[in-house]
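The values are calculated or read from the model by the stated rules, or taken from the named source; none is laboratory data. From a predicted model like this one, the values you see are computed outputs, not experimental measurements. Cβ: placed from backbone, ideal geometry, glycine included. Neighbour counts: every protein chain shown. Accessible surface is based on the protein model in full, side chains and every heavy atom, while ligands, DNA and RNA are left aside. Shrake-Rupley method; radii C 1.70, N 1.55, O 1.52, S 1.80 Å.
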Amino acid sequence: MNETASLRARAEIDLAALRANVRELRARAAGAQLMAVVKSDAYGHGAVPCARAALEAGATWLGTATPQEALALRAAGIGGRVMCWLWTPGGPWREAIEADIDVSVSGMWALREVVAAATEAGIPARVQLKADTGLGRNGCQPADWPELVAAARAAEDAGTVRITGLWSHFACADEPGHPSIAAQLNVFRDMVAYAEKEGVDPEVRHMANSPATLTIPEAHFDLVRTGIAMYGISPSPELGTPADFGLRPVMTLVASIALVKQVPAGHGISYGHHYTTSAETTLGLVPVGYADGIPRHASGRAPVLVGGVRRRIAGRVAMDQFVVDLDGDEIEVGSEAVLFGPGDRGEPSAEDWAQAADTIAYEIVTRIGTRVPRVHLHGTPAES
């Protein structure tokens, strides 16, 4: 048995699929640059290999949430443009500036800290100003925008910052036709126009996330930020499957059956006995649980492919394991249980798991824990 097959569980990451997804997204946003968002360890797929694969496929920017994620890319030897946007007071501004990372600023406190760090470093900071156009999370409110723009321009004139971008984020891009989309676009255009009137000359203006990249072409501007779509998951399942958007899921989650046994009718399964066998049957033990990121609230509902047949979790998901009722089938110990993947073998998708857990597929792939090794396949691009 080879080393991969002998693993308790593994998340297979198809880098060829990721490259193909990036090329498809670039084609859908022709004329705009593409930022490959690799925050949260590339949505659970492995930030460094996925970043490299995305750049090979033509992404021109990388995006992270935290500065630590951005600095980790630099530590791995990844060059090019990298942006990070989730800062807290006292963050590693100087380290980011010295690593040539674009940093997002949403308010005066952040601008003051980045200016101080740039002064200490003796290097102008690359700054992108974020506008809150209606999402109500991070970003500068329109009423506060003139103060932030004026202060950033003064810092730019002083040589401590370079304003490289103006950007914002949608609230409801996954619901085409939602009235907030047009409203946010109008606010963004107004805020960009004001900043440019005040002398800001950004390299990029950007607002489109994955769903906007796929469905709102007027939001593409100079750059699109693709996160979940790059990993082959539909950001708008109501509008289409990954295949409908020309995408292929990148992650396949597999575990090795750890035990197969016969039990009589009326046998309770797992904590609380929420599942009881209706007849004599065989059970298969799948050695992953909520400590590995398997959602406990998918207990009794989520599908798993074992022996070429879709089964459902029998009883509660425990910390390290769950059970499937094999309906009397004799499955060998060590056989694969495929929790989700692209569907080539009839296995469930991450979206199937999301529906079983009353969540979104973003969470399903991102939550897979560090006990599950990532096995990156097709590390060398087949295409030039």
Requested in this report: Pick out the one residue from Gly77, Gly91, Gly63 that is open to solvent by less than 40 Å² (accessible area, probe 1.4 Å), more than 24 Å from Pro211 (Cα to Cα) and either modelled with pLDDT of 95 or more or of a type in the set (D, E, K, R) (or both).
Outcome: Gly91
Requested in this report: Report yes if some residue within region 277-285 is within 34 Å of the chain's Cα centre (by Cα) and among the hydroxyl-bearing types (Ser, Thr, Tyr); otherwise report no.
Outcome: no
Query raised in the report: Can you name the residue in region 332-347 that is among the acidic types (Asp, Glu) and at pLDDT 95 or above and, of all such residues, is nearest to Ala302 (Cα to Cα)?
Result: Glu347
Query - Residue ID - farthest from Arg189 (Cα to Cα), chosen from residues in region 121-153 that are assigned to a helix (DSSP H, G or I) and either in contact with a Ser or Thr (Cβ under 9 Å, 6 or more places away or on another chain) or open to solvent by less than 40 Å² (accessible area, probe 1.4 Å) (or both) - result: Ala121
Query raised in the report: Do we have any residue at all in region 199-207 that's within 20 Å of the chain's Cα centre (by Cα) and not aromatic (Phe, Trp, Tyr)?
Result: yes
Report task. Can you tell me which residue among Asp157, Asp102, Asp144, Asp132 is under 19 Å from Leu34 (Cβ atoms) and of a type in the set (Asp, Glu)? Result -> Asp102
Report task. Would you be able to say whether some residue in region 229-248 is touching a residue at least 12 places away in the same chain (Cβ under 8 Å), assigned to a strand (DSSP E or B), among the aliphatic types (A, V, I, L, M) and under 30 Å from Arg371 (Cα atoms)? Result -> no
Query raised in the report: Which residue pairs have Cβ atoms under 6 Å apart, sit 6 or more places apart or on different chains, and have a first residue in region 330-356 that is closer than 18 Å to Asp244 by Cβ and a second that is open to solvent by 50 Å² or more (accessible area, probe 1.4 Å) and at pLDDT 95 or above?
Result: Pro342/Arg248; Ala354/Ile360
Requested in this report: Quick one: count up the residues across region 182-198 that are surrounded by 20 or more Cβ atoms within 10 Å (Cβ to Cβ) and either more than 30 Å from the chain's Cα centre (by Cα) or over 16 Å from Ala152 (Cβ atoms) (or both).
Outcome: 4
Report summary line: Scanning region 57-75 residue by residue, those under 22 Å from Glu24 (Cβ atoms) and touching a Leu at 6+ places or on another chain (Cβ under 9 Å) turn out to be Ala57, Gly58, Ala59, Thr60, Trp61, Leu62
Requested in this report: Select from region 249-271 the residues that are hydrophobic (A, V, I, L, M, F, W, C) and part of a strand (DSSP E or B) and list them in ascending order.
Outcome: Met251, Leu253, Val254, Ala255, Leu259, Val260, Val263, Ile269
Query - Hey, Phe221 within 27 Å of Arg248 (Cα to Cα), outside any helix (DSSP H, G or I), in contact (Cβ under 8 Å) with a residue 24 or more places away in the chain and more than 20 Å from the chain's Cα centre (by Cα) or not - result: yes
Report task. Quick one: which residue in Phe170, Phe245 is surrounded by 22 or more Cβ atoms within 10 Å (Cβ to Cβ), under 20 Å from Pro142 (Cβ atoms) and not polar (S, T, N, Q)? Result -> Phe170
Query raised in the report: Among all residue pairs at least 6 apart or on different chains, which show Cβ distances below 9 Å where the first residue, located in region 152-170, is within 11 Å of Arg205 (Cβ to Cβ) and the second is among the hydroxyl-bearing types (Ser, Thr, Tyr)?
Result: Gly165/Ser104; Trp167/Ser104; Ser168/Thr133
**Report entry** Enumeration of residues in region 94-109 that are surrounded by 17 or more Cβ atoms within 10 Å (Cβ to Cβ) and of a type in the set (A, V, I, L, M)
**Finding:** Ala96, Ile97, Ile101, Val103, Val105
Report task. Just give me the residues in region 23-45 being surrounded by 22 or more Cβ atoms within 10 Å (Cβ to Cβ) and either on the phi > 0 side of the Ramachandran plot or free of Cβ contacts under 8 Å to residues at least 60 places away in the same chain (or both), in sequence order. Result -> Val38, Ala42, Tyr43, Gly44
Query raised in the report: What residue, of Val323, Val317, Val288, Val304, is under 23 Å from Ala47 (Cβ atoms) and open to solvent by less than 60 Å² (accessible area, probe 1.4 Å)?
Result: Val288
